[in-house]
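The values are calculated or read from the model by the stated rules, or taken from the named source; none is laboratory data. Not measured: the values here are computed from a predicted model. Because the Cβ atoms are built from the backbone with ideal geometry, glycine has one as well, and the counts that use them run over all protein chains shown. In case anyone asks, the SASA skips ligands and DNA or RNA and just uses the protein heavy atoms, side chains included. Shrake-Rupley method; radii C 1.70, N 1.55, O 1.52, S 1.80 Å.
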Amino acid sequence: MVQTYSENAVLPGRGVPIPFDGLTTQLAEMLELPATDVQNAFWTMAVGALCAVCCSLSGCFLVLRRISLLGDALSHSVLAGTAGVYLVTGRVDPVPMLLGAMAAGMVTAVMTQFVHKAAQLPEDSSIGIVFTSLFAFGVVVVSQAKHVHLDLDCVLFGDLAFAGVNLHPVFGWLVPESFRSLVPTLMITLLLLAVFWKELRLTSFDPTLAVTLGFSATVMHYLLTTVVAIVTVSAMEVVGLLVVALLIVPAAIARLLTDRLSTMLVLSCLIGISCTTIGYLLALRWNSSAAGLTAVVAGAELLIAIVVSPRNGLLGRLIRTARLRVRICAEDVLAGLFRRQERSDAPDGLVQASVSECYALAGGGIMSMAALRWLLSRQLLQQAGSVMSLSETGLRYARSMVRSHRLWEAYLKENFNLPPDHLHDPAEDMEHFIGPGVQQQITEDLSQSAEDPHGRAIPDVKTQEVS
Amino acid sequence: MTESAENTNSAIFDIHDMTVAYDRRPVLWNIDLTLRNPGLVAIVGPNGAGKSTMIRAAMGLVPMVSGAVRAWGAPISSQLTRIGYVPQRGSVDWDFPISVFETVLMGTYGSLGWFRRPGGVQRDLTMQCLERVGMQDFAQRQIGQLSGGQQQRVFLARALAQQAELYFMDEPMAGVDAATERVVFKLLQSLSDEGRTIVVVHHDLRTVSEYFDEVVLLNVRIVTSGPVATTFTPANLQATYGGRLSILDTMADAVQKQVETE
């Protein structure tokens, strides 16, 4: 974000070992790429992954508490914090700037609550007001300062592309510079989860209960906000303002895929890592912004999740609807054949129909083809050449369908006071959903049940089976 | 110590001169309520009478303008571990990724305090509570997959897991079918038989005499309270439901106006 041109760029010192050096060299040989390129890529992806894990873990709780906008707010106010520190000290040192950024995060959280309560504005509005004001303040201060160069690209996109290039010695190893902030951040995040798991979950789910059980929801809110502020500050160095995408999107995707909180946390981490990794690789390929593509990949993954999510996914819903329609078409064929048999001269023989007649009974179209296959695969229908006939089980099934249909007509007739021509259509819909239990209930409910309103006998499943 | 003070101290639950205001506008006026005997207590009154507000204020969830709430002779804030609060069903996000078992387990958190994790004892207790409300088969379900009545039973199981001596329940019967309502009342009855006190915000006047021992008639003030047999009379109901005291409304407007113009 706020950058100075420093001359002391550290060159890889001689004799300082680089972790996984052997591995990356080997990989480079296998891919026939320059060793330094592979090493850079490896470390960049490692930084991205670390970033993603920190963001996803804390982001899950933002999403669940419905305060996702807070992540947005924190990332913007961080600029105000660093600018404020510059205003006071007149210098650009990393540690005070980090502290300033954190302080700004806290100010955002507190002021948001203040505006929310004092001005009686909805919480999202107050977040929007506070963070834009703070961000604007930061922009004004930075534009006034002559010696500081505000690199807009850096604010927006961070420096993920170069994160693997700047290796610095830490504890005798050469690792990316951003590890110095990201590793402690991850530790803090994991510590928060380990120590306050129970309290976090309780206050996120039911803050009222938490208070009556003697847990302070306010303390937990600020604790979480603090950790999110720390995460935002250290992740912004790498991915810029797009940290918001990493905070919220992997968590939102994970929420779509699971109903367990622990699984959601693990999944969100994996999804976050996949976003940064794929984003970076695409950026290499297209020579584009790594952070930008990370966010794009996150968005794309969300779309995929919306389609394939097991519970509410579009695909799942589509398949379930199609299955239901196939079953309904198939049952229509069975019921149609049964009625035809009823009308025929030999009610005891198994009625036959041509394939095209069955196709017409199912209503035509692709669904009907599927319906016929459904019937054949369940051996409810038997096919001999182009002639179809009901099997024994098919006959039982069909009788039950017609019984449901006529019971429903009788039930409507008795309870709804409808004209006779209004009875068939609703029964045609409902017959597919009336199981043996409801059949029994309706039978008990009806005053007389031998005939339907049109004077046709209601087939009795049990007696027919015995005979 | 005077005799009346002694009586108050021995009471299970005592609200003394409680006034609650939203934005300075009083919504509950000078509430005085003392419960001495364990049992089932219904809080009854029209919409907007402040029934939920009264128990929320008593639990410290809504600030009071004035007054004091004591339980077993001590300030209620020091007795929270002995008291269970069952909020309205709509108060939580039922889409939250949490199972029925984990939800009920939260009832035991109060006895654990900060940092301590639930162990075998708490898990066993949770399972027992689920069995008591007939929800043991749903333990691993996500709470959003339950019907309204089942969600209510989960809330009750969670309250059971608190093992409290005094319960406040905010409309546990709202939006549940008749079968669930009977299950709920059987449960409340058995809690009462164990010597606990259950204060229920209740909407359905028809079932008050059938299920409750005592009744509190409330309409922004306490109209009257006492045993159902002597208190739940047509005259008292008329006084409760027969419109707000118009002077109280005028006063509430006046107080609010004063605040706004000053």
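Please specify each residue of region A:204-226 satisfying the condition of being closer than 17 Å to B:MET59 by Cα, in a helix (DSSP H, G or I) and either facing chain B (nearest Cβ under 7 Å) or polar (S, T, N, Q) (or both).
Hits for region A:204-226 are A:THR208, A:LEU209, A:VAL211, A:THR212, A:THR218.
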B:LYS186 passes all but one of (1) closer than 25 Å to B:ASP14 by Cβ; (2) modelled with pLDDT of 85 or more; which number fails? (1)
When B:GLY50 is run through (1) within 13 Å of the chain's Cα centre (by Cα); (2) closer than 22 Å to B:GLU194 by Cα, the failure sits at (2)
Can you find a residue that is buried (at least 20 other Cβ atoms within 10 Å of the Cβ), closer than 25 Å to A:PHE215 by Cβ, β-branched (Val, Ile, Thr) and at pLDDT below 90 anywhere in region B:71-81? yes
(1) of a type in the set (Gly, Ala, Ser); (2) within 25 Å of A:ILE458 (Cα to Cα); (3) open to solvent by 50 Å² or more (accessible area, probe 1.4 Å); (4) part of a helix (DSSP H, G or I): which one isn't true of A:SER400, the others all being true? (3)
B:VAL201 versus (1) out of contact with any helix residue (DSSP H, G or I) (no Cβ under 9 Å at 6 or more places or on another chain); (2) buried (at least 20 other Cβ atoms within 10 Å of the Cβ): which is the lone unmet condition? (1)
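Table: residues versus (1) modelled with pLDDT of 80 or more; (2) closer than 21 Å to A:THR232 by Cα.
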{"residue": "A:GLU7", "(1), (2)": "no, no"}
{"residue": "A:GLY13", "(1), (2)": "no, no"}
{"residue": "A:ILE18", "(1), (2)": "no, no"}
{"residue": "A:GLY22", "(1), (2)": "no, no"}
{"residue": "A:GLN26", "(1), (2)": "yes, no"}
{"residue": "A:GLY48", "(1), (2)": "yes, yes"}
{"residue": "A:VAL53", "(1), (2)": "yes, yes"}
{"residue": "A:ARG65", "(1), (2)": "yes, yes"}
{"residue": "A:SER77", "(1), (2)": "yes, yes"}
All but one of (1) of a type in the set (A, V, I, L, M); (2) out of contact with any strand residue (DSSP E or B) (no Cβ under 9 Å at 6 or more places or on another chain); (3) at pLDDT 75 or above hold for A:LEU156; state the number of the condition that does not hold. (3)
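One line per residue, one yes/no per condition, for (1) open to solvent by 10 Å² or more (accessible area, probe 1.4 Å); (2) free of Cβ contacts under 8 Å to residues at least 40 places away in the same chain; (3) closer than 27 Å to A:ILE306 by Cα:
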position	(1), (2), (3)
A:ALA217	yes, yes, no
A:SER234	no, no, no
A:ILE248	yes, no, yes
A:GLY279	no, no, yes
A:LEU284	yes, no, no
For A:PRO34, state whether it is more than 35 Å from the chain's Cα centre (by Cα), over 22 Å from A:GLU237 (Cβ atoms) and not hydroxyl-bearing (Ser, Thr, Tyr). yes
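Could you identify the single residue in B:PHE185, B:PHE155 that is of a type outside the set (Val, Ile, Thr), open to solvent by less than 20 Å² (accessible area, probe 1.4 Å) and under 20 Å from A:LEU209 (Cβ atoms)? Before you say what the answer is, go through the steps one by one.
Numbers: B:PHE185 fails: under 20 Å from A:LEU209 (Cβ atoms).
That would be B:PHE155, the only listed residue that is of a type outside the set (Val, Ile, Thr), open to solvent by less than 20 Å² (accessible area, probe 1.4 Å) and under 20 Å from A:LEU209 (Cβ atoms).
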Condition broken by B:ARG196, with the remaining ones in (1) open to solvent by 40 Å² or more (accessible area, probe 1.4 Å); (2) at pLDDT below 85 satisfied: (2)
Looking only at region A:443-459, decide whether some residue is in a helix (DSSP H, G or I) and open to solvent by less than 20 Å² (accessible area, probe 1.4 Å). no
Just a yes or no: is a residue in region A:244-257 within 27 Å of A:GLY316 (Cβ to Cβ) and among the charged types (D, E, K, R)? yes
Can you name the number of the only condition in (1) touching a residue at least 60 places away in the same chain (Cβ under 8 Å); (2) within 13 Å of chain B (Cβ to nearest Cβ); (3) open to solvent by less than 20 Å² (accessible area, probe 1.4 Å) that A:VAL243 fails? (2)
Would you point out the residue of region A:40-95, among those that are outside any helix (DSSP H, G or I) and of a type in the set (Val, Ile, Thr), that is surrounded by the fewest Cβ atoms within 10 Å (Cβ to Cβ)? A:VAL92
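Evaluate the following for B:ARG36: is it modelled with pLDDT of 90 or more and open to solvent by 20 Å² or more (accessible area, probe 1.4 Å)? Please lay out each step first, then the result.
Values: modelled with pLDDT of 90 or more: no; open to solvent by 20 Å² or more (accessible area, probe 1.4 Å): yes.
Criteria not met by B:ARG36.
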Is it the case that some residue within region A:303-313 is of a type in the set (Gly, Ala, Ser), surrounded by fewer than 23 Cβ atoms within 10 Å (Cβ to Cβ) and at pLDDT 90 or above? yes
Identify the residue in region B:116-146 that is small (Gly, Ala, Ser) and within 22 Å of A:THR258 (Cβ to Cβ) and, among all such residues, is nearest to the other protein chains (Cβ to nearest Cβ). B:GLY144
Among residues of region B:63-104, those that are within 9 Å of chain A (Cβ to nearest Cβ), charged (D, E, K, R) and touching a residue at least 24 places away in the same chain (Cβ under 8 Å), counted: 1
In region A:186-199, residue farthest from B:LEU61 (Cα to Cα) [restricted to those that are within 12 Å of chain B (Cβ to nearest Cβ) and either touching a Lys or Arg at 6+ places or on another chain (Cβ under 9 Å) or of a type outside the set (D, E, K, R) (or both)]: A:ALA194
May I ask you to verify whether A:ARG325 is within 22 Å of A:ARG255 (Cα to Cα), of a type in the set (Lys, Arg) and either touching a residue at least 12 places away in the same chain (Cβ under 8 Å) or open to solvent by 50 Å² or more (accessible area, probe 1.4 Å) (or both)? no
Please go through region A:286-298 and pick out each residue that is under 18 Å from A:VAL38 (Cβ atoms) and crowded, with 23+ Cβ neighbours inside 10 Å. A:ALA290
Filtering region A:254-271 down to residues that are closer than 17 Å to A:SER309 by Cα and in contact (Cβ under 8 Å) with a residue 60 or more places away in the chain yields A:ALA254, A:ARG255, A:LEU261, A:MET264, A:LEU265, A:SER268, A:ILE271
Might you check whether a residue that is within 14 Å of another protein chain (Cβ to nearest Cβ) and either in contact with a strand residue (DSSP E or B) (Cβ under 9 Å, 6 or more places away or on another chain) or small (Gly, Ala, Ser) (or both) occurs anywhere in region A:271-292? no
Given the conditions (1) over 30 Å from B:GLY60 (Cα atoms); (2) assigned to a helix (DSSP H, G or I); (3) away from every other protein chain (no Cβ under 13 Å), report the number of the one that A:VAL266 does not fulfil. (3)
So if I check each of B:GLY110, B:GLY60, which one is within 14 Å of another protein chain (Cβ to nearest Cβ), crowded, with 20+ Cβ neighbours inside 10 Å, farther than 30 Å from B:THR233 by Cβ and modelled with pLDDT under 90? B:GLY110
